[in-house]
Amino acid sequence: MPSFSKMTLEVVRPKRMAALRHLEKTQWLSLEQIGEIQLEKLQTLLAHAYRHCPYYKSIFKEMGLVPEEIRSFADYARLPLLNKTKIRENASKILARNVGRRDALENSTSGSTGVTLDFFSDRKAADLTNALGLRANRWTGWEIGQRQVTLWGASHDDRTARFYGKIKYKILHRKLFLSSYGMSKENMIDYRYRINRFKPWLIEGYASALSLFAKFVKDYQLRIHQPRGVISTAETLSPHQKKLIESVFHCQVFNRYGSREVSGIAQECEKQDGLHIFAEHVLVEVLDENDRPCPPGKIGKIVVTDLDNFAFPFLRYDIGDLAAATDRVCSCGRGLPLLAHVEGRVWDVIIGANGNRLIGTFWLVSGVRGIKQFQILQEEAGELVIKVVREPSFSEAEKQKLLKNARSSCGERMDIRLLLVDDIPQTESGKYHYVISKVSPFL
């Protein structure tokens with residue numbers, strides 16, 4: 001069956017398969033050779049944006065630059081950052097004038113804050129971005145045609161909603177789509193039954209959905225089919241979540257990082273010593289609060305350039321995420337550059353009364369039992385609100401452990417309020433947002 005799927009894709013998606021064969025070769029090039037590919041694509045994109053996108057033409061004119069003067073990545077770093085506010089204010093001027101409406105596909109993301117961002121994707125880049133996903137899947141040991149389960153939230157990503165989609169995904173791609181909306185006990189019982197019957201080789205899903213489902217299986221001591229690999233994507237994967245998912249599915253969990261705006265960005269390979277940047281498709285910078293490059297190991301904000309979206313160029317786009325760069329070379333032999341780890345969103349950073357910058361959530365919930373879901377909110381410096389959906393085992397003693405963790409990390413002077421709630425709503429895309437900070441230094 002895998003060979004049938006591959007042969008069929010060669011017929012119905014020849015450009016995608018050609019792109020995959022190309023990417024399978026370029027991943028083994030040296031870092032310098034991959035950089036040359038990036039620079040060549042970047043220069044072509046800049047010339048296009050200057051000629052056809054009024055927004056970028058005005059940026060170049062304000063700086064007294066022309067694209068031909070950008071001969072290195074250091075030259076490119078002179079351009080100002082693009083962010084969501086600038087996109088909302090200038091979307092019509094970013095849209096390329098020479099791109100037909102059929103090739104400029106309307107797209108949007110609700111983002112982790114729930115604020116919608118409307119933009120355009122380039123239809124001509126779809127074969128490449130899909131091929132990047134296939135290549136990254138193969139890093140887990142999966143092969144085209146082997147069964148997959150996708151635990152996802154965004155309804156417009158469910159290609160099985162229509163009859164043709166059901167046939168294509170079940171017979172050709174051999175993929176089962178499960179919705180992350182409403183992860184109720186009844187739904188998860190059904191998901192377990194369908195996964196055990198389908199027996200997927202690979203499971204992919206939101207980090208929060210995968211960890212909630214894994215916790216359900218573990219708490220009720222249920223039998224679950226063991227895939228060969230799990231890909232966690234679309235959200236930050238904490239060490240605690242990774243350990244939980246691995247303990248339930250008994251396989252490697254691969255962390256993938258991407259966004260709706262630019263598609264795939266990076267993923268762990270089998271060595272799991274960092275996330276390989278999909279450098280044939282994106283240029284990634286890690287910058288500090290002052291927009292200067294971070295040294296290896298220091299956490300900074302991710303700025304990404306999509307090298308393939310000519311319909312709506314994302315040039316030096318501050319995507320709203322945090323990561324640590326590294327100058328290590330992976331022992332797998334691939335020349336693709338690495339991110340050491342992705343830490344979360346820029347609005348995930350909690351500032352303690354003691355000055356600590358706290359990223360992620362493990363510092364809060366470590367060793368605490370009886371928490372079904374939680375959310376941390378910081379709207380003012382020196383204040384913290386913790387929302388908890390509790391289970392029966394969340395006793396007064398566990399509550400005190402939670403508060404002790406918070407004060408130990410944030411300082412005794414931190415004003416902490418604990419709210420017991422019945423539910424923490426998902427974002428529009430079906431994700432859970434665990435941390436919301438309005439005092440992050442990266443905002």
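The values are calculated or read from the model by the stated rules, or taken from the named source; none is laboratory data. Note that the structure is a prediction, hence the values are computed from the model and not measured. Ideal geometry is used to build each Cβ from the backbone, glycine not excepted, and the neighbour counts take in all protein chains shown.
What to note about this one:
- Residue check for Glu10: of a type in the set (Asp, Glu) and under 20 Å from Pro337 (Cα atoms): no
- Flag if Arg369 is of a type in the set (D, E, K, R), surrounded by fewer than 17 Cβ atoms within 10 Å (Cβ to Cβ) and not in a strand (DSSP E or B): yes
- Pairs linking a residue in segment 398-409 that is not assigned by TED's automatic domain parsing to the domain that holds Arg357 and in a helix (DSSP H, G or I) to a residue that is charged (D, E, K, R) and surrounded by fewer than 17 Cβ atoms within 10 Å (Cβ to Cβ), with Cβ atoms under 9 Å and 6 or more positions apart or on different chains, do not occur.
- The requirement of being surrounded by fewer than 14 Cβ atoms within 10 Å (Cβ to Cβ), within 19 Å of Gly133 (Cα to Cα) and among the small types (Gly, Ala, Ser) is not satisfied by Ser30.
- If you go through segment 116-133 and keep only what is surrounded by fewer than 21 Cβ atoms within 10 Å (Cβ to Cβ), of a type in the set (A, V, I, L, M) and more than 17 Å from Ala234 (Cβ to Cβ), you end up with just Ala126.
- Test: residue in segment 93-105 that is under 18 Å from Gly258 (Cβ atoms) and at pLDDT below 95: yes
- Some residue of segment 220-235 being under 19 Å from the mean Cα position of the chain (by Cα), closer than 24 Å to Leu178 by Cα and outside any strand (DSSP E or B): yes
- Applying a threshold of 6 Å to beta carbon distances and a minimum spacing of six or more residues, or different chains, the list of pairs starting in segment 71-93 at a residue that is of a type outside the set (A, V, I, L, M) and ending at one that is part of a helix (DSSP H, G or I) reads Asn90/Tyr55; Lys93/Pro54; Lys93/Tyr55.
- Scanning segment 42-70 for residues being touching a residue at least 40 places away in the same chain (Cβ under 8 Å) and crowded, with 17+ Cβ neighbours inside 10 Å gives a total of 8.
- Screening Ser184, Ser211 for residues that are out of contact with any Pro (no Cβ under 7 Å at 6 or more places or on another chain) and surrounded by 13 or more Cβ atoms within 10 Å (Cβ to Cβ) leaves exactly one candidate, Ser211.
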